[in-house]
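The values are calculated or read from the model by the stated rules, or taken from the named source; none is laboratory data. Nothing here was measured: the structure is a model prediction, and the numbers come from that model. Cβ: placed from backbone, ideal geometry, glycine included. Neighbour counts: every protein chain shown. Side chains included, ligands, DNA and RNA excluded: accessible areas come from the protein's heavy atoms. Shrake-Rupley method; radii C 1.70, N 1.55, O 1.52, S 1.80 Å.
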Amino acid sequence: MTDCKPEELLIASIADMLTGLRHVAVGNSSPIPGAAALLTRARSKGELRVSLLGSRKHTAFTDGGKELFDCAAEGRIDAFFLGGGQIDGEANINLVGIGDYPQTKVRFPGSFGSAYLYFLIPRVILFREEHTDRVLVPKVDFISAPGTSPANVYRPGGPHALVTGRCIFDFDKAAKRFTLRSVHPGHTVQEIRENTGFDFDEPAKVPETPTPDAGTLALIRGRIGEEIAETYPAFAARVFAAA
Amino acid sequence: MAFTSHDIEQIAARIPDGAKIALPPDYSGCAMAVIRALIRRGAKNLHIVGVPSVGLQGDMLIGAGCVATLETAAVTMGELGIAPRFINAAKQGSIKLLDGTCPAIHAGLQAAEKGIPYMPLRGLLGSDLLEHREDWKRGENPFGEDDPLVLIPAIKPDVALFHVAKADRKGNAWIGVRRELMLMAHAAKQTFITAEEIVDEDLLADEIVAAGTIPGLYVTAVAEAKQGAWPVGLGGRYAPDAAHIAHYYEQARSDDGFQRYLADHVHAPKAAE
């Protein structure tokens, strides 16, 4: 598979992590996770519900902005996605800024629902396309939401994996460490070490991230491209227009 | 009737300087015409509550110097990226930031609508948000053992301001599934609404319509504003004006550009309104 775009690889890789789930929600500014959830839904023959924030067509919610959070608290959402201006090796995420708060020298949009959903949704997939030591840091400057919590804190949820433009990591909650799961085609373990600000574990032989098959690619470029365009027109135009 | 006799300038005049004002995100219903009128009248020291985040409304009010305090889970311009005037103000330290998280804002408003002092909330423990929010407290589940929680005080806005597709002459306002607007109206002391159209029919008469309608009971005043959410969209009616928002985004990246934008699109013509 030579003509698979990086975005398509990420969509397919994330979609594979959602197979068999009942309800996946997708937050703001998340076109690739949104497309991935819609792809899994398309393959699930109606088994998977997707609630895409900002969409009118692809959402199961009718009770306003609070419903996502109430739904999560009741265990009715199986997977969600969070990003971060910074993500560290213990899976702490920073959506606020770099430098001393509140007058940070770099400011990000804000924490959104992360400080809550990270605790409550079982399978939170961290996603950040940019994989540099600017983003993946030893320690975040501001913890919007912590990767792990003490035993007495109510926390059925937490980080499941970290997907970047170069690779996929799994997260071990007990060890509080990431382990390299696979490297995307065209990238190397050495390059990932050089561009990752935190230490991580790796297996003796690191597999390559599988590329989507022709049927999956056709589905992404057809139906999924159309569905995601409702909420993310600029993304859809950029990635799928020339496909 | 009194409810619907207002125009947008009159609504802006009734939102006092220093008011705590609840605003919805760009994908809900934004009363952009009133936001421009607030800037024209030189509103000062507003305390914005994003329910739970704000977009263009927040960025414009901040850039125009109308805001003293920003309480929100985020400021976002959607696919374009980070709101430029907000970023500038945060770096300069020119506004007070009360960084929050979406469910904490909903919980605070829910406490207000119930008339109770606080709501307990899951999550948040171990977040630096909690360290910086002096108004949030750690608590314990009184029905459990060693089960820490965070207590969020009621958020009672002086004003809720938003835009809807349709209102009637009794101040009933149809919101469909945008129930955060209902929550805002329940929690706020005063609610000002702009509507694409003001209709003669009673929106509470038909149960199907009534189910998605804020009763006039909670509404202070309604003004008709065609394309009142422009340049952001209004679900079911019109899409965002992506070209104009991109133009704003480019202009707002510099102080001069932002002032030019205000001159061209806020101060100069009454045409837009």
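Of everything in region A:42-65 that's at pLDDT 95 or above and basic (Lys, Arg), which residue is least open to solvent (accessible area, probe 1.4 Å)?
Among those residues, the one meeting the criterion is A:Arg43.
Among A:Leu10, A:Leu117, A:Leu18, A:Leu39, which is the only one that is open to solvent by less than 10 Å² (accessible area, probe 1.4 Å), within 14 Å of another protein chain (Cβ to nearest Cβ) and either assigned to a helix (DSSP H, G or I) or not hydroxyl-bearing (Ser, Thr, Tyr) (or both)?
After ruling out the rest, the residue left standing is A:Leu117.
Say whether the condition of being closer than 26 Å to A:Arg238 by Cα and either away from chain A (no Cβ under 12 Å) or in contact with an Asp or Glu (Cβ under 6 Å, 6 or more places away or on another chain) (or both) is met by at least one residue in region B:57-70.
no
Could you check region B:164-182 and list, in sequence order, the residues that are open to solvent by 10 Å² or more (accessible area, probe 1.4 Å), of a type outside the set (Val, Ile, Thr) and within 11 Å of another protein chain (Cβ to nearest Cβ)?
Correct list: B:Gly176, B:Arg178, B:Arg179, B:Met182.
Taking into account only those residues within region A:120-147 that are touching a Ser or Thr at 6+ places or on another chain (Cβ under 8 Å) and open to solvent by 10 Å² or more (accessible area, probe 1.4 Å), which is nearest to the other protein chains (Cβ to nearest Cβ)?
The residue in question is A:Ile143.
So B:Gly93 passes all but one of these: (1) surrounded by 24 or more Cβ atoms within 10 Å (Cβ to Cβ); (2) without any contact (Cβ under 8 Å) to a residue 60 or more places away in the chain. Which condition number does it fail?
Of the numbered conditions (1) surrounded by 24 or more Cβ atoms within 10 Å (Cβ to Cβ); (2) without any contact (Cβ under 8 Å) to a residue 60 or more places away in the chain, the odd one out for B:Gly93 is (1).
Inspect all residues belonging to region B:85-97 and state whether any of them is closer than 20 Å to A:Thr231 by Cβ and part of a loop (DSSP other than H, G, I, E, B).
no
Test each condition in (1) within 14 Å of chain A (Cβ to nearest Cβ); (2) surrounded by fewer than 24 Cβ atoms within 10 Å (Cβ to Cβ); (3) over 22 Å from B:Ala19 (Cβ atoms); (4) not charged (D, E, K, R) for B:Ala205 and report the one that comes out false.
So B:Ala205 meets the others, but not (1).
Select from region B:123-152 the residues that are among the acidic types (Asp, Glu) and either in contact with a helix residue (DSSP H, G or I) (Cβ under 8 Å, 6 or more places away or on another chain) or outside any helix (DSSP H, G or I) (or both) and list them in ascending order.
B:Glu134, B:Asp135, B:Glu140, B:Glu145, B:Asp146, B:Asp147
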